[in-house]
Amino acid sequence: MKKLILILSVTLIFSAISCKTTSEIPTDLTASQLIQKGQDAFSNDDYKLAENYYTAVIKRYGTNTEIYIEAKYELGHTYLKSKNYEGAYSAFSEILELYEYSSVGDLPPSFKKLAQIGIKKIPAERLSRLQKSDSATIQPANN
């Protein structure tokens, strides 16, 4: 559980630093309203706006793990649709990592399956490169 909290904390800090456009999104919207607006933007093929809404959810409500995972999945789905395979892989992998470090029943099971499906939609050649790159950054250096 400590690893789960650490992963969420690091991600929230990174999101807060890297997201400038979320300040333009109304502050009085709930997480559900922001996700709905993101889905509306996604349906209209406005992937950048959808990304901004999902990032706002993570920034504003990301301390709630269920909301965080839902917004992260939607963000990964948006990246996948816009062919930002690195972003999609990163989002989906993070979701799966959160499930790996959580206790059974702590997280909604549907997003684990959806993240697995999302990763499989990344073209095989790109996925292979991303996985190799990912494992290379995890491996300790041989000194």
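The values are calculated or read from the model by the stated rules, or taken from the named source; none is laboratory data. Since we're looking at a predicted model, the values are computed, not measured. All Cβ positions, glycine included, derive from the backbone under ideal geometry; neighbour counts span all protein chains shown. Side chains are part of the model used for accessible areas, which takes the heavy atoms of the whole protein and leaves out ligands, DNA and RNA. Shrake-Rupley method; radii C 1.70, N 1.55, O 1.52, S 1.80 Å.
Things to note:
- In region 75-95, the residues that are farther than 23 Å from D40 by Cα form Cβ pairs under 7 Å with partners that are surrounded by fewer than 24 Cβ atoms within 10 Å (Cβ to Cβ) and of a type in the set (S, T, N, Q), at six or more places apart or across chains, as follows: E94/T11.
- Among residues that are modelled with pLDDT under 95, in a helix (DSSP H, G or I) and surrounded by 12 or more Cβ atoms within 10 Å (Cβ to Cβ), L34 is not included.
- Selected residue (criterion: nearest to E66 (Cα to Cα)) from residues of region 84-143 that are at pLDDT below 90 and of a type in the set (D, E, K, R): D106
- Any hit, region 11-27, residues being open to solvent by less than 40 Å² (accessible area, probe 1.4 Å), part of a loop (DSSP other than H, G, I, E, B) and modelled with pLDDT of 95 or more: no
- Test for A124: is it within 16 Å of the chain's Cα centre (by Cα) and either open to solvent by 30 Å² or more (accessible area, probe 1.4 Å) or hydrophobic (A, V, I, L, M, F, W, C) (or both): no
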